[in-house]
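Everything on this sheet refers to the single structure shown next.
The values are calculated or read from the model by the stated rules, or taken from the named source; none is laboratory data. For clarity, every value in this text was computed on a predicted model and none was experimentally measured. Neighbour counts are summed over all protein chains in view; Cβ atoms, including those assigned to glycine, are modelled from backbone coordinates with ideal geometry. Side chains are part of the model used for accessible areas, which takes the heavy atoms of the whole protein and leaves out ligands, DNA and RNA. Shrake-Rupley method; radii C 1.70, N 1.55, O 1.52, S 1.80 Å.
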Amino acid sequence: MKDAALMKAAPANNVIANTKDWEALWKAWRGDEKVPAVDFRKELVLVAKVGGPNNCGIVATLEENGNLKVLTQSTLLYGPGFGYQLGTVPRAGLKTINGKAVPAFGS
């Protein structure tokens, strides 16, 4: 994305748990493209973002204690804008995400 100000549309916790927030982020970043359907009773959307004209990736690992450890990988280019990646994960088995409570459905 060329406009770095649009990074602010991402949730502070990098997790989306409801349709309203999902549609808002999608429209901010993807414009008029059709919003993919997500069943938030069963899934969450993870949001990774990095500054500059970088590519990024999400690495998510479910630990034995139910914590989903989420890391963001990035290329290291300098410049304007930002890169992002979105991904869904099942809610089943999740107790925390990076040590914080899993957002309730619809929150």
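Looking only at the range 47-83, count how many residues are within 14 Å of residue 97 (Cα to Cα) and either surrounded by 13 or more Cβ atoms within 10 Å (Cβ to Cβ) or among the basic types (Lys, Arg) (or both).
From the range 47-83, those within 14 Å of residue 97 (Cα to Cα) are 47-48, 58-72; that's our starting set.
Remaining after also requiring either surrounded by 13 or more Cβ atoms within 10 Å (Cβ to Cβ) or among the basic types (Lys, Arg) (or both): 47-48, 58, 60, 62, 67-70, 72.
Residues meeting the conditions: 10.
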Item to check | Residue among 23, 33 that is out of contact with any strand residue (DSSP E or B) (no Cβ under 9 Å at 6 or more places or on another chain) and farther than 17 Å from residue 88 by Cα | outcome: 33
Next on the checklist: For the range 80-98, check the following and say yes or no: at least one residue is more than 25 Å from residue 30 (Cβ to Cβ), in contact (Cβ under 8 Å) with a residue 40 or more places away in the chain and part of a strand (DSSP E or B).
Outcome noted: no
Item to check | Residue satisfying all of: in the range 10-43; open to solvent by 50 Å² or more (accessible area, probe 1.4 Å) and among the hydrophobic types (A, V, I, L, M, F, W, C); nearest to the chain's Cα centre (by Cα) among these | outcome: 12
Checklist entry - over 12 Å from the mean Cα position of the chain (by Cα), closer than 22 Å to residue 1 by Cβ and part of a strand (DSSP E or B), is that true of residue 73? => result yes
Item to check | Residues located in the range 3-41, provided they are out of contact with any Phe, Trp or Tyr (no Cβ under 9 Å at 6 or more places or on another chain), in contact (Cβ under 8 Å) with a residue 24 or more places away in the chain and part of a loop (DSSP other than H, G, I, E, B) | outcome: 11, 13, 14
Next on the checklist: So, residue 84, is that one of a type in the set (Phe, Trp, Tyr) and under 16 Å from the mean Cα position of the chain (by Cα) or not?
Outcome noted: yes
Checklist outcome for this item: Apart from one, (1) farther than 12 Å from residue 86 by Cβ; (2) assigned to a strand (DSSP E or B) all hold for residue 47; the odd one out is (1)
